[in-house]
Amino acid sequence: MKKIGVLTSGGDAPGMNAAIRAVVRTAIYKGMKVYGIRRGFRGLMNAEIDDMDVSSVGEILHRGGTILNTARSDDFKTEEGMKKAINILKVFGIEGLVVIGGDGSFRGAFDLSQRGFPTVGIPGTIDNDIACTEQSIGFDTAVNTVLEAINKIRDTVSSHERTNIIEVMGRHSGNIAIHTGMAGGAEGIIIPEIPLDVDTLCKRIIKGRHRGKSSSIIILAEGAGKAMELEKEIEEKTGMETRATVLGYLQRGGNPSAADIVLASRMGHHAVELLEKNIGNRVVTIKGNEIMDDDIAEALVMPKTFNEELYQLSQVLSI
Ligand code: ATP
């Protein structure tokens, strides 16, 4: 393969730029030509395609977001959209594509591969909800960003002797909540995977106060409830002042952590190595600190798990 393309799709994640840089520089190092496709699959259908050279990815390593922009496109999912995309790739002479994104993006990558166009996915999403890989690009940074917010909120919450519910991202996955709750010493973690027992939670808050705790932090994954509603319920049941904070987009931005930059660089390099050998329909993964790859179709049907052990440990440590 001599000409490849790279795009970012779905939600942005810190470290995506490091993955783009690794794809571009590895490809150039191997004597390949590389194109940057703007605005995900939507941009691909609109031929928003630029030549990338070594310096086009200079000074981006430390920047959050994605220099290629990202977008969502329903048109791309149609037969017509798919044909349009493949036609544009042919016009540019692009022989293989790297798609950096979440599992929705991998479905798009799979569809392209099914139509004979070699595509490799790189997991880039702060949610860490892709079953085939132990870690996705952006998760480590997001966890550290949320931890910083928890620590700041803890200062004011303990001064006022309140309870604070902090709503974090995770519509279907409690990964961010479990890791940040554990790292931030939360008194409670509420995740979509485990039904919420408000009464037990309130008893724990009251018990903590009785033994002299000055504050309680509850981490709530957005898919498990609404912070504002829980705020009222907990205040009523504990009789203690309770507030809610929704962290929102601040969790997605910011400079990527060293761990995310290193992970993204390794994954970007591996994706190009696969395409160089004409291998498509793969998703790059990390397992036991080793960079590997899986069949996209198999990866998409793998059951999603969450770190139950870490969740249980947080319950033990927050007595
Ligand atoms: P995040 O986890 O951050 O939400 P994601 O990659 O899962 O990222 P989606 O919005 O689900 O984000 O998908 C991104 C894009 O991938 C969609 O806008 C669409 O263009 C394409 N896509 C999603 N699902 C499919 C599908 N079933 N077939 C083809 N393309 C798809």
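The values are calculated or read from the model by the stated rules, or taken from the named source; none is laboratory data. Keep in mind it's a predicted model, so treat the numbers as computed, not measured. In this analysis, Cβ positions are derived from the backbone assuming ideal geometry, glycine residues included, and neighbour counts consider all displayed protein chains. Accessible surface areas use protein heavy atoms only, side chains included; no ligands, DNA or RNA. Shrake-Rupley method; radii C 1.70, N 1.55, O 1.52, S 1.80 Å.
Things to note:
- For the range 47-84 and the range 1-36, distance of Cα centres in Å: 9
- Fluctuation leader among VAL301, VAL262, VAL146 - the chain, Gaussian network, Cα springs under 10 angstrom: VAL301
- Between helix 79-91 and the chain there is an angle of about 50 degrees, using the helix long axis and the longest principal axis of the Cα atoms.
- Overall form of the range 280-319 per C-alpha gyration tensor (a/c, 1.5; a/b vs b/c): oblate
- Rolling a 1.4 Å probe over the protein heavy atoms of the range 52-133, with every protein chain left in place, gives an accessible area that is 47 percent carbon and sulfur.
- Solvent-accessible area, 1.4 Å probe, carbon plus sulfur percent, for the range 140-252: 49
- Rounded tilt (10° steps) of 308-317 against the dominant C-alpha axis of the chain: 30
- Taking the Cα centre of the range 140-252 as origin and assigning +1 to Lys and Arg Cβ atoms and -1 to Asp and Glu Cβ atoms, the resulting dipole is close to 280 debye.
- Across the cross-link table entries LYS3/LYS90; LYS30/LYS287; LYS207/LYS237, which are compared at the Cα atoms, the separations over 22 Å belong to LYS30/LYS287.
- Relative to the longest principal axis of the Cα atoms of the chain, helix 103-114 runs at roughly 20 degrees.
- For the range 141-219: rounded, prolate or oblate by the Cα gyration tensor [a/c cutoff 1.5]: oblate
- Cα lying deepest toward the dipole's positive end in the chain, options GLY223, LEU147, GLY253, charges on Cβ: GLY253
- Spatial separation of Cα centroids for the range 248-319 and the range 217-240, in angstrom: 31
- What the chain shows is 44 Å² of accessible area per residue, with the surface traced by a 1.4 Å probe over protein heavy atoms.
- Antiparallel %, DSSP beta bridges [both residues in the chain], to 5: 25
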